[in-house]
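The values are calculated or read from the model by the stated rules, or taken from the named source; none is laboratory data. Everything quoted here is computed from the prediction, not taken from an experiment. FYI the Cβ positions are ideal-geometry reconstructions off the backbone, even for glycines, and counts take in every protein chain you see. Heavy atoms of the whole protein, side chains included, go into the accessibility calculation; ligands, DNA and RNA do not. Shrake-Rupley method; radii C 1.70, N 1.55, O 1.52, S 1.80 Å.
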Amino acid sequence: MRVHNRPPRLSLDFALSCFSSTLKNFYRNDALTYAGALAFFFLLALFPLLIFLASALAYIPAPDLFQHVVDVMSLIVPAEAMGRVQLVLAEVLRRDAGLLSFGILASIWIASAGFEAIINVLNRVYEAGKSRPYWKKRLLSLGLTVLIGGMIIVAVVAGVVGPFLVSLLPGIVGMDSLLIALWPFLRWAIILLFLVLSIQILYFVGPNREQSFRQQTPGAFLAVAVWVGASLLLDLYLAHFTSYSAIYGVLGAVIALLTWFYVTALALLLGAELNAELMRRKAAAARRLIC
């Protein structure tokens, strides 16, 4: 019997049907509840992850690299929450300078809790079979913390040293003015590319099932697009329509940060649901072709 392994035909009807099924699975799998749990773990992991980044960036001979990380975050994180993040982080780093050198392993361990929580939820979304042993899942979450943290560092370093590299290119390619004019856009393209790649890696290695790296691309792009758009809308809402500080007092910034983490978790789960739905459809199409 001959098997023709052709992909399903792409069309508007297919896209609408796929997205409709993705939304149904998104609600059926109780993503709203799981996103709340992930938001809590993200909050626990945020400052240890930033301390880890600050520790690693301290070894790179370039000025104010960590400040560039904070500056990039401030463009996405709601301003009401970002002010609290900067204050707390500055206090932690100023109070214990030895933390950056001796506490880096502890910071990675704590930050990995957020990745472990993501792995648990992705196993449910991707309908993975047996869960990994605890030690293997913990090692995987630690590896993801270091890997994705390293990718953030590379993206930030590329954004900082890019203008310097661009200044060296004109003598070679003779396009100095054009490259310098385009660099602000190229910088954000690099950051977004690394962000998509990070989420794609997370979707690929997180669930305990066999899958290809390429299959994770649609969900990664959707997650980044939804996350950036929702973050900007949330910042606009908090800036012009309400103030958590007026409602929750000193806890307002923390509530704003948790809300942003909740939005982030929803975007991650939505992208994962899209990938899972596309994989189910591909498997169903393959079964029909065999029959």
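Here is the figure for segment 206-242: residues that are small (G, A, S), part of a loop (DSSP other than H, G, I, E, B) and free of Cβ contacts under 8 Å to residues at least 12 places away in the same chain total 1.
Quick grid of which residues meet (1) modelled with pLDDT of 70 or more; (2) crowded, with 19+ Cβ neighbours inside 10 Å; (3) part of a helix (DSSP H, G or I); (4) under 22 Å from the mean Cα position of the chain (by Cα):
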{"residue": "D13", "(1), (2), (3), (4)": "yes, no, yes, no"}
{"residue": "S17", "(1), (2), (3), (4)": "yes, no, yes, no"}
{"residue": "F26", "(1), (2), (3), (4)": "yes, yes, yes, yes"}
{"residue": "A37", "(1), (2), (3), (4)": "yes, no, yes, yes"}
{"residue": "H68", "(1), (2), (3), (4)": "yes, no, yes, yes"}
{"residue": "S74", "(1), (2), (3), (4)": "yes, no, yes, yes"}
{"residue": "M82", "(1), (2), (3), (4)": "yes, yes, yes, yes"}
{"residue": "L89", "(1), (2), (3), (4)": "no, no, yes, yes"}
{"residue": "A106", "(1), (2), (3), (4)": "yes, no, yes, yes"}
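L50 fails exactly one of the following numbered conditions: (1) loosely packed, with under 11 Cβ neighbours inside 10 Å; (2) assigned to a helix (DSSP H, G or I); (3) modelled with pLDDT under 80. What is the number of that condition? Condition (1) is where L50 drops out.
Among the residues here, A56 does not qualify as at pLDDT 75 or above and either open to solvent by less than 50 Å² (accessible area, probe 1.4 Å) or more than 21 Å from V263 (Cα to Cα) (or both). When you scan segment 192-199, do you find a residue that is part of a helix (DSSP H, G or I), at pLDDT 85 or above and of a type in the set (S, T, Y), even just one? For segment 192-199, residues part of a helix (DSSP H, G or I), at pLDDT 85 or above and of a type in the set (S, T, Y): present.
Could you grab the pairs with beta carbons closer than 7 Å, sequence gap of 6+ or different chains, first residue in segment 271-284 and within 9 Å of T22 (Cα to Cα), second one open to solvent by 20 Å² or more (accessible area, probe 1.4 Å) and of a type in the set (D, E, K, R)? Going by the 7 Å Cβ cut-off, the qualifying pairs are A276/E127. On the stretch given as segment 190-230, residues that are open to solvent by less than 50 Å² (accessible area, probe 1.4 Å), more than 13 Å from L274 (Cα to Cα) and either aromatic (F, W, Y) or in contact with a Pro (Cβ under 8 Å, 6 or more places away or on another chain) (or both) total 1.
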